1. Read through the list (1) surrounded by fewer than 17 Cβ atoms within 10 Å (Cβ to Cβ); (2) touching a residue at least 40 places away in the same chain (Cβ under 8 Å), then give the number of the only condition that residue A:121 fails.
2. Would you pick out the residues in the stretch A:299-335 that are touching a residue at least 60 places away in the same chain (Cβ under 8 Å), under 20 Å from residue A:359 (Cβ atoms) and touching a strand residue (DSSP E or B) at 6+ places or on another chain (Cβ under 8 Å)?
3. For the stretch A:281-353, please list each of the helices (runs of 4 or more DSSP H) lying entirely inside it that holds at least 1 residues being under 21 Å from residue A:266 (Cα atoms) and within 16 Å of RNA strand B (Cβ to nearest atom).
4. Please give the strands (runs of 3 or more DSSP E) falling wholly within the stretch A:106-199 in which 1 or more residues are in contact with a strand residue (DSSP E or B) (Cβ under 8 Å, 6 or more places away or on another chain) and away from RNA strand B (no atom under 16 Å from the Cβ).
5. So, residue A:488, is that one over 39 Å from the mean Cα position of the chain (by Cα), more than 10 Å from RNA strand B (Cβ to nearest atom) and exposed (fewer than 14 other Cβ atoms within 10 Å of the Cβ) or not?
6. Here is a list of conditions, (1) at pLDDT 95 or above; (2) assigned to a loop (DSSP other than H, G, I, E, B); (3) within 8 Å of RNA strand B (Cβ to nearest atom), and residue A:552 meets all of them except one; can you say which number that is?
7. Inspect the stretch A:504-521 for any residue being under 27 Å from residue A:32 (Cβ atoms), within 11 Å of RNA strand B (Cβ to nearest atom) and touching a helix residue (DSSP H, G or I) at 6+ places or on another chain (Cβ under 6 Å) and give the result as yes or no.
RNA sequence: CGGGGUGUAGCGCAGUCUGGUAGCGCACCACACUGGGGGUGUGGGGGUCAGAGGUUCGAAUCCUCUCAUCCCGACCA
């Protein structure tokens, strides 16, 4: 492609409202433009990368045996009423009316449509298992779209849905999709991890998220340093360290005044103790609007996802207001402690292992020192202690092998074993080999296609711009001329090379603009094209072309005669 | 939806406090010089100062409302 016949629109400065690096670089490199909040136009440069991502996904999905379909983005409300999600989904579902005042929604996902399709089309167990996928535009009316296409309202997603007679069969396809996702993200050239995940609101059993590792990721992932274990921090369990908690010491329980010391930091500083020797007591709403105390070690953080799964705790987790705490427990939140507290108390096992600890005294301005569970608490039972804290760096790995380190990731894929939630609601069934009707079992598998593009940038950039993995670069090679206008030999060589490069199948962007070479370098580095050759009088006099990889620090010279094989070898067509 | 910003030329901003000719840099157009890392000069084009209402002789500037947008919290590919 010649730049003169393409559309290049780079910005020297990032627009002020772009915060994250991928958003800034996508705007500056002329990949996208914002139309409205969470809505983006893909410009020619960005679209080339988007299409490459799609194609890799499509190829690998096809290889896995999945079959491509394309469903409408607008869906009738009736299907959503059948699954009961019309009422459950909330304002994120963009609802609309047609001219006859019939209700529709813009699809945020396609479980209903595909299940409806399958119940009409699939009659026999002999047609199973089957896995349909599409690459299609979704709309989710996010409360706060942000970070450019990373969290847009309209976005492109690859969604696949598999149908089975049995859970065993589903598990097989699930494994195939797991492997396919590994292949896809490997081919995309991204550093990623498959992690165990919460099944969340979609429901179902097994679930894995695929995360692209990047500093700016919104999710925290816990890894074992010894095994393959990886899990979203929201989900990662924390193992009990001891079989029995530390035994009490001789020191007596002591009540001390801690005037105006409310937070853990304040109390620690005031009493000169470490946060790990203090217990914090959080009051949340339980089932039936009772209050429940969650007790954690002072240096640990509550894991809300784990806590709200406990039978007594309301889901979603909700903290009690100060007034209710004051009215029902007799003091302000800053002085609550588990000793003689008049409500259900759930103790995190790390807190239950403490001895001689500090805790609130349930009296404004007072704490206890030297508290011990077995000695000072009636009915304390270590075995009933619960796991409600966030795993932290250095904790033992949940699978028992090695310890945990934590990295940040961007969720780009998610696979679920759905079960029969939708097939049951929509009565999707087939006849089995016993001639009996059987409800289908489903799996679903998503990849955020547009998000992959942003995530790839978050993982691959420097101060000059994007550094594309070759598989998804908009162009593979930059052909730049120094002062072509004034040099016939440069111009002739560029035309010759451009033609020969095209014959190799390498996708080159030939910058034939009459601009200073510095400008050309800046533009091509910003766009992130992985390979670059420069043709100049200076080089040609020595019979050389200059080559530089986008991530290289030094350029190298290559004899003119060898440049095409050299490039073929570098770019591996 | 709560909290905090921001809306002035395509982009980045000043001007607003203290009302009085609409500005700067980049980009764009023309010409000339220049030519291996965002060069120089000369001359240009482009704005309903987010919108509406109000105060005033006079409003980008003061007041009221509306809209848009970004950042921090709960959701998700």
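1. For residue A:121, the exception is condition (2).
2. If the condition is that a residue be touching a residue at least 60 places away in the same chain (Cβ under 8 Å), under 20 Å from residue A:359 (Cβ atoms) and touching a strand residue (DSSP E or B) at 6+ places or on another chain (Cβ under 8 Å), then A:300, A:301, A:302, A:307, A:333, A:334, A:335 are the ones that fit.
3. Those helices (runs of 4 or more DSSP H) span A:322-329.
4. A:130-139, A:154-164
5. yes
6. (3) is the only condition that residue A:552 fails.
7. Looking through the stretch A:504-521, at least one residue is under 27 Å from residue A:32 (Cβ atoms), within 11 Å of RNA strand B (Cβ to nearest atom) and touching a helix residue (DSSP H, G or I) at 6+ places or on another chain (Cβ under 6 Å).
Conditions tested, residue by residue: (1) assigned to a helix (DSSP H, G or I); (2) under 32 Å from the mean Cα position of the chain (by Cα); (3) crowded, with 22+ Cβ neighbours inside 10 Å.
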| residue | (1), (2), (3) |
| --- | --- |
| A:443 | no, yes, yes |
| A:474 | no, yes, yes |
| A:506 | no, no, no |
| A:533 | no, no, yes |
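The values are calculated or read from the model by the stated rules, or taken from the named source; none is laboratory data. Not measured: the values here are computed from a predicted model. Glycine also receives a Cβ, built like all others from the backbone with ideal geometry; neighbour counts cover every protein chain displayed.
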